[in-house]
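Asks: My structure is below; once you've seen it, I'll send some questions.
The values are calculated or read from the model by the stated rules, or taken from the named source; none is laboratory data. Computed from a predicted structure; not experimentally measured. Neighbour counts are summed over all protein chains in view; Cβ atoms, including those assigned to glycine, are modelled from backbone coordinates with ideal geometry.
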Amino acid sequence: MNTLLTELGVLSYFIIFFAKIIEVSMSTIRIMFVAKGERGKAAIIAFFEIFIWIIIVSSVLTGLNEDPIRALVYCAAFAIGNYMGVFIESKLA
């Protein structure tokens, strides 16, 4: 997967961006389920959340020296993901 993201060029930025937004939003929803005591739902979300995280972080760190823009894309997506997660949580609560 890291090689694939490296070879995709600009498309890799979009993949990193949207995958990170999804991952952070999932984290917010998972925390909401934990607070409600819904352990099963929280565990399922946690599995997919960390799977996305591992792929994206390894992709960003592997190509960091050659392409530091990936880090900026990752950081921007983290911030937007937090915003989106809180928005989704407010709709579900």
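Every residue, every condition in (1) touching a residue at least 60 places away in the same chain (Cβ under 8 Å); (2) under 19 Å from Phe14 (Cβ atoms), yes or no:
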{"residue": "Lys41", "(1), (2)": "no, no"}
{"residue": "Leu72", "(1), (2)": "no, yes"}
{"residue": "Ala76", "(1), (2)": "no, yes"}
{"residue": "Gly81", "(1), (2)": "yes, yes"}
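Asks: Only one residue in Leu92, Leu11 is of a type in the set (A, V, I, L, M) and touching a residue at least 60 places away in the same chain (Cβ under 8 Å), so which one is that? I'd like the intermediate steps shown before the answer.
Replies: Working: Leu11 fails: touching a residue at least 60 places away in the same chain (Cβ under 8 Å).
Result of the check over Leu92, Leu11: Leu92.
Asks: Now for a separate question. Among the residues of the stretch 1-26 satisfying the criterion of being of a type in the set (Gly, Ala, Ser) and modelled with pLDDT under 95, which is nearest to Ser90 (Cα to Cα)? Step through it out loud before you land on a result.
Replies: We begin by selecting, within the stretch 1-26, every residue of a type in the set (Gly, Ala, Ser); these are 9, 12, 19, 25.
If we keep only those that are modelled with pLDDT under 95 as well, we get 9, 12, 25.
Details: Gly9: 36, Ser12: 31, Ser25: 12 Å.
So the residue we want is Ser25.
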